[in-house]
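Here's the structure, in structure tokens; my notes come after.
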Amino acid sequence: MSDGPLIVQSDKSLLLEVDHEQAAECRKAIAPFAELERSPEHIHTYRLTPLGLWNARAAGHDAEQVVDTLLSYSRYPVPHALLVDVAETMSRYGRLRLEKHPTHGLVLASNDRPVLEEVLRAKKVAGMLGNRLDDDTVAVHPSERGNLKQALLKIGWPAEDYAGYVDGEAHPIELAEDGWTLRTYQAEAAESFWHGGSGVVVLPCGAGKTIVGAAAMAEARATTLILVTNTVSARQWKDELLRRTSLTEDEIGEYSGTVKEIRPVTIATYQVVTTKRKGVYPHLELFDARDWGLIVYDEVHLLPAPIFRMTADLQARRRLGLTATLVREDGREGDVFSLIGPKRYDAPWKDIEAQGWIAPADCIEVRVSLPDASRMAYATSEPEERYRLAACTPEKVKVVRDLVTRHAGQPTLVIGQYLEQLDELAEALDAPMITGQTPVKERQRLFNGFRSGEIGLLVVSKVANFSIDLPSAEVAIQVSGSFGSRQEEAQRLGRLLRPGEPGPDGERKIAHFYTIVSRDTVDAEFAQNRQRFLAEQGYAYRIVDADDLGAPSADQA
Amino acid sequence: MRNSIARALDSLTRGELSVLDALVVAGQTNESELVTLVDADPAFVVATVRRLVDLALAWESPEGLRPLSVVGDSMVGGVEAGVSGLRPRSAQPRPAAELLEVIAALPSGARALLDHVVDGGSTAKSGAARIGLRPEDAETPAELLIAHRLLVPAGSLQPGLLAVPGEVGLALRGGRTTTAPVDVAPVVAAEPRSARLTGSAAVGAATDVVRRTGQLLEWWGTRPAAALRTTGLGVRELRATAAHLQVSEPEAALVVEVAAEAGLIGTRADTDGNPVWVPTDEFDRWRDLPPAEQWTVLARAWLASPRLPSLVGERGPDQKPWNALTPELAASGMPEAKAMVLAVLAGLPEGEGLAAGTGLPSLVARIAWERPRRPRTRPDLVAWAVAEAAVLGLTGADVLSPYGRALARGEDPAPVLAALLPPPVDHVLIQADLTAVAPGPLEPDLARRLQQVADVESQGAATVYRFTPASVRRALDSGWTTAEVHAFVLAASRTPVPQPLTYLVDDVARSFGRLRVGAATSFIRSEDEVALAELVNHPRSAGLGLQRLAPTVLVSSLPLDLLLARLRELGTAPVVEGPDGVVRVGATEGLRARTPRTRETTDAARSAARQAAHIATAVRTVRQGDEDARSRPASASAPGGGVLSALRDAIERRGAVLIGFTDNQGVVSERSVQPLVVEGGQLTARDTDAEADDPDAERRYAVHRITRVVPVGSA
């Protein structure tokens, strides 16, 4: 029994005591194979998953190292079954290999004949395999490369892909390091990706994922397809590529709802690629439009399901995934692993801290009590109407107005889901409003105005959810949200609460994030999920009653 | 007697059995000769002989050391059971030198046949071989062996069977019963393991099994597990248990079985009368013990248990899967297998455990040497014992833990284990995501109270609790006040209590008890508030159990029909309201009773006749009985214990007796015989006056026909 900072639980979670003197060292040691699940203030929770262990295998760690790490940092005895399981799981990776055979093309090979026999008998993979070439080799049709990898992962025998990649159409791309240089970890990330072939680079928000993408493109020197979450993000990618590489405006194309350009480097949005008309995807041609040498996926953890299917057919092309977290709300981490590739790089935690990953943000949930009349309306309403009713209660308007007055002079965003509510608020606050219907030009104008400080208050709908950098926002007030994924919620908050540059006195501004919820309704239930997620991400969190808001103490937080 | 001999033989090692076998071959001998017969260290032979005599498997007769006569027949099995396959020596054995001469002169075919017969148990069927030829006339190798008296008839009781006398076998094997040393026990393949790994694995498993047992029983205490009709635990229940404990089904079965063996669970009837498994009173005592002692209770129960949890889920002979807790799921050899596994592991050097791969087979071989005679399922039992010991934390990475060593020695393992267990912690860390992490085993009292206010989310060495509205409400339900919850959380937490938790508690308390529920049998409602007020205050309404819930509603504890009558007595005019709010009125129906069943009319004459018939039957039966008793022949004088014991005595002494017996024709006669074996009601005996090698001199007598036994000769 030692006095280590780590507690290994039998349910395969690892508890790391943050304040322990060995905590940083331990964190570094377990990061390659354990996924960070929660990071509240005192104890961080990591989890051992097969994928995490396979990622570690792909990165060259072996089971002995993992077991040794667990044993040396663990405070208490480590359950033996867990150690056995770790060794067993890790030994499964790489027993099967996808290889290029000189005469038969793509083959599945193994030195472990029983495993191969087991796999050949599995129903899930039966249709994907061709003739048995010899005892250890089976032919695979090239078009099934992705599907086969997916299926093998599902039956627990992930294959290592040695089949190589096509070079794609060459296109000169250079990094233009004028006045800036690639940070060490960015260079390392690009390099590990390139040597691994395909895979995911995990970097925290603001750590310069775009630059890693650019560095990878400079390595590939080939035509590149970049898939991003939305149009605004596409523009940011374009700006960044123009600034950081030798690429010119003419070489970069945008493929989105409004513009459809295909150039040597094309940036497309997930939305346009996954648009379905009459049961078919009309924009699939994009993938075959050029002989792409590299495909970059931004925000892999948000990759929609249809793109996975399309990616399955692109296994011969190099794929780079960029993300801040491998955890997906829909549990499709396995598809990321098998179709995009294993984790190739993970930023050292120290750097993450230096980047201010946990922003000094003050999250406050304001609970308003519904008047009896509204409560009665709510109580008797149809279940599907309930959230809208609860979220759009007129009580909230007054609270918003109070908050806006209190933070007068600080750039403030009011975010909501329902247009009527936003209309009402915009009118009450006398502020400009951006919704899905606002023309892109007008949107850009308003965002720019907000960034430059001309506009101090903006009412926005969910269009602001993704990939819009508004680092100047100091106060955000959320009146209603999309009641689905808390991951999406957190994404929104993360975007808005980017830590700004330190002020002249060296102190970072403290962002205030208010969420206004109706007490005793589904609104409050959703808020609870959000609260949990934020707390797990390490944000400070408070709940106050709308009536107590006037008290001066709440203001000083 | 045969059983007790078998039992005694079962407890011998292969080496000891080999010594006994040599004694049987020798027939009658002394220690110094026996030492030369057994291929082993003389000291081992001498020690073994002492033990055999102590066990009464051999005895010092006046003529020399002898095995008990039945022992020879009980020595079954092959070489692995210590049986050399040699026959007992003849009464007058030929000298070894003479035999070797004869054997050396044998042609190769005959020699090969002889070797083959000796290796195959020293007996052979005579087949077509002729008996009684001179060596010159022998035509086949078999006839040659017979002519040389290397193969002799095995006796009249086994016609056609030839045997190689023991002295021939001994001569062939160079004067010893076996060709290899018998006192060398197989070595257990062991290899050293790092103490950090094994200690961690063992203590980790031990804490896990204690925790899971507690967790299981707490769970069954609130949600009893349905028992099968055979009192077993069904597949579905086991699966649910495994899911709840987050372990595999075999491991869950082991936890359940061990808890049952420790007397921590039992069956009772649930509210519907179906049998269910629930914790026993003993569990409450167990729960209050320190973890090390809890483990000791479980480990001791396991060690003494014949249960086979490892079979759960496998299919039995009837193709039905075995269920946990089924009474038949036990093997009497299991406790011994466990004890021997621990003993062998304890015999390994400190820090060494079973080698990977070869360790288990070598352990099985070693235990087969220690107890070669039974049971046939030994390899399975040993493998299960090893696997279960690992789950229980007796071993870690197949190395016996220090406290496991203490347990194997019969000492109290609790203090040893307690020193290895992490000390309990008295605080938790409460975080803003409403979790409380206990960074180690919590003090039991704190843990119990925390479990009332928060749900357990992750278990292990540490415990993660989560506060939810439901868990806080549960605490309020069980009588906590808001202030108490706040105070408890503040006292238990080593870090400041996060604001959202404080808010959560207050918020739950705010809505707690907003709805109130009570019991009433009927209600009275009226738009006329005054009428209700008057009713409540009526001097004669006290018996109605009225309670005013609202100005227009009263409830009563009386049932509807009674209340209606009373209210009418009070001069009011109530009407009945149906569940749909509609008034029900109507004429009451007159009361009716059920028509009584008509009885059979009594008839004096018939009952008198019936009575007479009864008596007549009874008398006839008694008379018949008397008649039967008279006509039955007087029972023959049963062969008393005297006859049997006299015969057995003579067999042990190898003395002659005079027996009086009645033959098939009823003729009573006497014979002087030397009894050989008593078995299955038959005495096998040899006529005392017969020639030494006359195979027809052995005869069988039915013991019950022997009327008397008189020792003759030496007696």
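The values are calculated or read from the model by the stated rules, or taken from the named source; none is laboratory data. The structure displayed is predicted, hence computed values, not measured ones. Note that each Cβ is placed from the backbone with ideal geometry, even for glycine, and that neighbours are counted across all protein chains shown.
When the residues of segment A:518-552 are filtered to those that are touching a residue at least 60 places away in the same chain (Cβ under 8 Å), among the aromatic types (Phe, Trp, Tyr) and not in a loop (DSSP other than H, G, I, E, B), the one that is farthest from the other protein chains (Cβ to nearest Cβ) is A:Phe526.
Any idea which of (1) within 19 Å of A:Gly334 (Cβ to Cβ); (2) in a helix (DSSP H, G or I) is the one A:Ala87 doesn't satisfy? Evaluating A:Ala87 over (1) within 19 Å of A:Gly334 (Cβ to Cβ); (2) in a helix (DSSP H, G or I) leaves (1) as the failure. With respect to A:Val107, determine if the residue is within 14 Å of chain B (Cβ to nearest Cβ) and buried (at least 21 other Cβ atoms within 10 Å of the Cβ). The answer is no for A:Val107. Any residue in segment A:171-182 that is under 30 Å from A:Arg92 (Cβ atoms) and hydroxyl-bearing (Ser, Thr, Tyr)? Checked segment A:171-182: no residue is under 30 Å from A:Arg92 (Cβ atoms) and hydroxyl-bearing (Ser, Thr, Tyr).
Going through (1) within 40 Å of the chain's Cα centre (by Cα); (2) modelled with pLDDT of 80 or more; (3) more than 22 Å from B:Asp689 (Cα to Cα) one by one, B:Gln665 falls short only on (1). Counting only residues that are at the interface with another protein chain (Cβ under 10 Å from one of its Cβ atoms) and among the aromatic types (Phe, Trp, Tyr), segment B:403-442 holds 0 of them. Residues in segment B:14-53 that are of a type outside the set (A, V, I, L, M, F, W, C), buried (at least 18 other Cβ atoms within 10 Å of the Cβ) and in contact (Cβ under 8 Å) with a residue 60 or more places away in the chain were compared, and the one that is farthest from B:Arg648 (Cα to Cα) is B:Asp39.
Taking every residue in segment A:243-257 that is in the same structural domain as A:Val212 (by TED's automatic domain parsing) and of a type in the set (Phe, Trp, Tyr) and pairing it with any residue that is assigned to a loop (DSSP other than H, G, I, E, B) and buried (at least 18 other Cβ atoms within 10 Å of the Cβ), at least 6 positions away or on another chain, yields no pair with a Cβ-Cβ distance below 6 Å. B:Ala462 fulfils the conditions (1) surrounded by fewer than 22 Cβ atoms within 10 Å (Cβ to Cβ); (2) under 48 Å from the mean Cα position of the chain (by Cα); (3) over 22 Å from A:Ala540 (Cα atoms); (4) within 14 Å of chain A (Cβ to nearest Cβ) except for a single criterion, (1). Please tell me if B:Leu329 is within 30 Å of B:Glu191 (Cβ to Cβ) and either touching a Leu at 6+ places or on another chain (Cβ under 9 Å) or exposed (fewer than 15 other Cβ atoms within 10 Å of the Cβ) (or both). It is false that B:Leu329 is within 30 Å of B:Glu191 (Cβ to Cβ) and either touching a Leu at 6+ places or on another chain (Cβ under 9 Å) or exposed (fewer than 15 other Cβ atoms within 10 Å of the Cβ) (or both). Answer with yes or no whether B:Ala385 is closer than 24 Å to B:Arg300 by Cβ and outside any loop (DSSP other than H, G, I, E, B). In short, yes.
Put simply, of B:Thr241, B:Thr177, B:Thr213 the only residue that is under 30 Å from B:Gly121 (Cβ atoms) and either touching a residue at least 24 places away in the same chain (Cβ under 8 Å) or in contact with a helix residue (DSSP H, G or I) (Cβ under 8 Å, 6 or more places away or on another chain) (or both) is B:Thr177.
Can we say B:Ser122 is touching a Lys or Arg at 6+ places or on another chain (Cβ under 7 Å) and hydroxyl-bearing (Ser, Thr, Tyr)? So B:Ser122 passes the test.
If you filter segment A:54-76 down to residues that are touching a Lys or Arg at 6+ places or on another chain (Cβ under 9 Å), farther than 25 Å from B:Val425 by Cα and aliphatic (A, V, I, L, M), you find that the one that is nearest to the other protein chains (Cβ to nearest Cβ) is A:Ala63.
Looking across segment B:496-521, just one residue is assigned to a loop (DSSP other than H, G, I, E, B), at pLDDT below 85 and either within 11 Å of chain A (Cβ to nearest Cβ) or buried (at least 19 other Cβ atoms within 10 Å of the Cβ) (or both), and that is B:Arg514. Note on segment B:431-447: residues that are in contact with a helix residue (DSSP H, G or I) (Cβ under 9 Å, 6 or more places away or on another chain) and either surrounded by fewer than 22 Cβ atoms within 10 Å (Cβ to Cβ) or not small (Gly, Ala, Ser) (or both) amount to 8. Cβ-Cβ distances below 7 Å connect the following pairs, each with a first residue in segment A:171-200 that is not assigned by TED's automatic domain parsing to the domain that holds A:Asp291 and modelled with pLDDT of 85 or more, a second residue that is part of a loop (DSSP other than H, G, I, E, B) and not small (Gly, Ala, Ser), and a separation of six or more residues or different chains: A:His171/A:Arg221; A:His171/A:Thr223; A:His171/A:Pro264; A:Pro172/A:Arg221; A:Ile173/A:Arg221; A:Ile173/A:Leu247; A:Leu175/A:Leu182.
Restricting to segment A:77-104, and then to whatever is within 14 Å of chain B (Cβ to nearest Cβ), surrounded by 15 or more Cβ atoms within 10 Å (Cβ to Cβ) and of a type outside the set (A, V, I, L, M), can you tell me which residue is nearest to the chain's Cα centre (by Cα)? Once the filter is applied, the top-ranked residue is A:Asp85.
When the residues of segment A:293-337 are filtered to those that are more than 17 Å from the chain's Cα centre (by Cα) and more than 17 Å from A:Tyr270 (Cα to Cα), which remaining residue is surrounded by the most Cβ atoms within 10 Å (Cβ to Cβ)? Top of the filtered list is A:Arg318. Among residues of segment B:292-325 being in contact with a strand residue (DSSP E or B) (Cβ under 9 Å, 6 or more places away or on another chain) and surrounded by fewer than 21 Cβ atoms within 10 Å (Cβ to Cβ), the one that is farthest from B:Gln215 (Cα to Cα) is B:Arg315. Taken over segment B:392-441, the criterion of being small (Gly, Ala, Ser) and assigned to a loop (DSSP other than H, G, I, E, B) is satisfied by B:Gly393, B:Ala397, B:Ser401, B:Gly410, B:Ala432, B:Gly440. Scanning segment A:35-50 for residues that are more than 28 Å from B:Pro500 (Cα to Cα) and within 14 Å of another protein chain (Cβ to nearest Cβ) yields a total of 1. Consider segment B:146-204 and keep the residues that are in a loop (DSSP other than H, G, I, E, B) and within 14 Å of chain A (Cβ to nearest Cβ). The one that is nearest to the chain's Cα centre (by Cα) is B:Arg193. Do we find that B:Glu167 is in contact (Cβ under 8 Å) with a residue 24 or more places away in the chain and closer than 30 Å to B:Val276 by Cβ in this structure? No.
Applying the criterion of being of a type in the set (A, V, I, L, M) and outside any helix (DSSP H, G or I) to the residues of segment B:343-371, the residue that is modelled with the highest pLDDT is B:Leu348. The listed residues are B:Met334, B:Met340, and the only one of them that is in contact with a Ser or Thr (Cβ under 8 Å, 6 or more places away or on another chain), buried (at least 18 other Cβ atoms within 10 Å of the Cβ) and either of a type outside the set (S, T, N, Q) or modelled with pLDDT under 80 (or both) turns out to be B:Met334. In segment B:460-481 there is no residue that is touching a residue at least 12 places away in the same chain (Cβ under 8 Å), over 30 Å from B:Val437 (Cα atoms) and touching a strand residue (DSSP E or B) at 6+ places or on another chain (Cβ under 7 Å).
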